[in-house]
Amino acid sequence: MADWYYIGHYGQLGPLTRDQIDELIAGEVITRETYVWRTGMSDWASAEAIPELRDGFAAKPFAAQPPPPFSKPSAEPSMPATPYGTESWTPSYASPYSRLESMSMIRSDRSRVVAGILQLVLPGVGRIYLGYAAIGVLQILITLITCLFGWIWAFIDGILILAGTPKLDGYGRVLSQ
């Protein structure tokens, strides 16, 4: 007869038969602290407090977790892990872009030379061409508002683009020459 209920992770569950309750105890779904109730009981009680369920817990002794396997320390110091997995390690004093050529990154279809010339002739357009729309629009607005300062900023930025300062386009791809 299905007359058992218990309170699990998803609330009150049941009605269940005694065999189903025993299976849940064996599967450690119902623990000693789980509240259970059946017809004839006045209130919910922990499963350990019910004599007929207590035997199911006694049959299963406490099993200690095995210790983790012991590993012998190596004689050589290990190199620090890189976020890219099996790549070679680079010293911390190296430029953050020094590994771009060694990595198999996607090449951009944008040209650094075209972007630099666009930036020198039309302030902000070179940055928009590279995918840096916010910087490009800001340069255009400042050039329209203050004329001289915006043009100087865009001119210096165009020279830096031609010199190779931005290594990546706005989409994270390596710029072509």
What shape does the stretch 107-176 take by its C-alpha gyration tensor, where a ≥ b ≥ c are the square roots of the eigenvalues and a/c under 1.5 counts as rounded, a/b above b/c as prolate, and the rest as oblate?
prolate
For the stretch 124-141, list residues with backbone N below 18 Å from a point placed 7 Å from the Cα of F155 toward its Cβ?
124-127, 139-141
The ³J(HN,Hα) series, computed from each phi in the stretch 36-47 with the Karplus coefficients 6.51, -1.76 and 1.60 at θ = phi - 60°, rounded to the nearest Hz and given as x for glycine or proline, is 10, 8, 9, 4, x, 8, 7, 8, 5, 9, 5, 4
If you wrap a convex hull around the C-alpha atoms of the stretch 4-58 and split its volume per residue, what is the figure in Å³?
73 Å³
Taking the Cα centre as origin and putting +1 on Lys and Arg beta-carbons and -1 on Asp and Glu beta-carbons, what dipole magnitude results for the stretch 4-58, to the nearest 20 debye?
140 debye
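Only the coordinates and a few stated rules stand behind these numbers; no lab work does. If you're wondering where the values come from, they're calculated on a predicted model, not measured in any experiment. Cβ: placed from backbone, ideal geometry, glycine included. Neighbour counts: every protein chain shown.
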